[in-house]
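To keep things clear, I will list the structure first and then write my remarks on it.
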């Protein structure tokens, strides 16, 4: 028997564009405007934020606000870990995608002897490190920290000792072990990458199910293959970045929109098929930015529709 716990993590300090910290409230507003009681139906908790750090002068230019992002990820990790230990199903609503390191760390801390699998639904690979990042924004680095990989073969930045120390602490949130083995990671929809990321994907043979492949081969076929790829994962975390969806079809209400993405029904179907394995223990929604939404609140409304679908999947598959 599991019950859903919604974890609200209103933080955008890992992003280059402000506003994704408002995404959680925008999703709630979408529910209210739809006369939907979902947010009254499930228990929730708020994660304290470090959002005031946005006013600090950036000292770590290759890993901006890394000290505060470390604190934020550590807090979120603890929320996820405790809820999993209490046999809850955490659905995390976050601002920027750096939070995923906190969620993955929390899953690993709750299941220290188990292999963690990650399904990364995103337009971006997010596998840069401070040594390779062209922007220094940490929302592009969570997977590098999770797999404990600096990718020094593609180093372009001279990282200070202080940044290096904080980066190593990010790799060791909760427990000092590698959180994710690269063979237990699959991408869906990644289509905007830089050379250092492409090198990592090739080096570790990480499968990326691009939109065209999913449509050509069939969604069910591709997800079934991905499930088989993750057969050694005991528990699975799903990270859903709304920029995995087609910005022209859905909305530009996200920090780094990319054309030619999935449609909302495809996202629902991908998540549903993974949930049916009963291995999924945590789902996270990230990067809704209502300040950039040219259509009103459409991105948040779409995310809420998918959130409602996920809660039904949990109810169908995990709650007796």
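Would it be correct to say that residue 81 is part of a strand (DSSP E or B), within 21 Å of the chain's Cα centre (by Cα) and surrounded by 16 or more Cβ atoms within 10 Å (Cβ to Cβ)? Criteria not met by residue 81. Just the residues that are touching a helix residue (DSSP H, G or I) at 6+ places or on another chain (Cβ under 6 Å) and in a helix (DSSP H, G or I), please, taken from the stretch 200-228. Hits for the stretch 200-228 are 214, 219, 222, 223.
Considering only the stretch 92-109, I want to know if a residue exists there that is farther than 23 Å from residue 10 by Cβ and touching a strand residue (DSSP E or B) at 6+ places or on another chain (Cβ under 9 Å).
There is at least one residue in the stretch 92-109 that is farther than 23 Å from residue 10 by Cβ and touching a strand residue (DSSP E or B) at 6+ places or on another chain (Cβ under 9 Å).
Those residues that are touching a strand residue (DSSP E or B) at 6+ places or on another chain (Cβ under 9 Å) and in a loop (DSSP other than H, G, I, E, B), I need them from the stretch 45-66; list them, please. Lay out the reasoning, then the answer.
First, pick out the residues of the stretch 45-66 that are touching a strand residue (DSSP E or B) at 6+ places or on another chain (Cβ under 9 Å): 45-47, 49.
Answer for the stretch 45-66, where residues must be touching a strand residue (DSSP E or B) at 6+ places or on another chain (Cβ under 9 Å) and in a loop (DSSP other than H, G, I, E, B): 47, 49.
Of all residues in the stretch 229-243 being in contact with a strand residue (DSSP E or B) (Cβ under 8 Å, 6 or more places away or on another chain) and assigned to a helix (DSSP H, G or I), which is nearest to residue 21 (Cα to Cα)? So, considering only residues that are in contact with a strand residue (DSSP E or B) (Cβ under 8 Å, 6 or more places away or on another chain) and assigned to a helix (DSSP H, G or I), the one nearest to residue 21 (Cα to Cα) is 242. Taken as a whole, the condition of being modelled with pLDDT of 95 or more, surrounded by fewer than 20 Cβ atoms within 10 Å (Cβ to Cβ), assigned to a helix (DSSP H, G or I) and under 18 Å from the mean Cα position of the chain (by Cα) does not apply to residue 302. Residues of the stretch 105-120 that are more than 9 Å from the chain's Cα centre (by Cα) and either within 21 Å of residue 20 (Cα to Cα) or not in a strand (DSSP E or B) (or both): 105, 106, 107, 108, 109, 110, 111, 112, 113, 114, 115.
Rundown of residues vs (1) over 18 Å from the mean Cα position of the chain (by Cα); (2) at pLDDT 95 or above, yes/no style:
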| residue | (1), (2) |
| --- | --- |
| 6 | no, yes |
| 9 | no, yes |
| 14 | no, yes |
| 38 | yes, yes |
| 41 | yes, yes |
| 60 | yes, no |
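Of all residues in the stretch 121-163, those satisfying the criterion of being outside any loop (DSSP other than H, G, I, E, B) and surrounded by fewer than 16 Cβ atoms within 10 Å (Cβ to Cβ) are 152, 153, 161, 162.
Just one of the listed residues (277, 254) is over 20 Å from residue 24 (Cα atoms) and either buried (at least 24 other Cβ atoms within 10 Å of the Cβ) or free of Cβ contacts under 8 Å to residues at least 60 places away in the same chain (or both), and it is 277.
Taking the criterion of being touching a helix residue (DSSP H, G or I) at 6+ places or on another chain (Cβ under 6 Å) and either modelled with pLDDT under 95 or part of a helix (DSSP H, G or I) (or both), the residues of the stretch 272-298 that qualify are 272, 273, 275, 290.
The values are calculated or read from the model by the stated rules, or taken from the named source; none is laboratory data. Being a predicted model, the structure only gives us computed values, none of them experimental. Quick reminder, even Gly has a Cβ in these numbers, built from the backbone with ideal geometry, and neighbours come from all protein chains shown.
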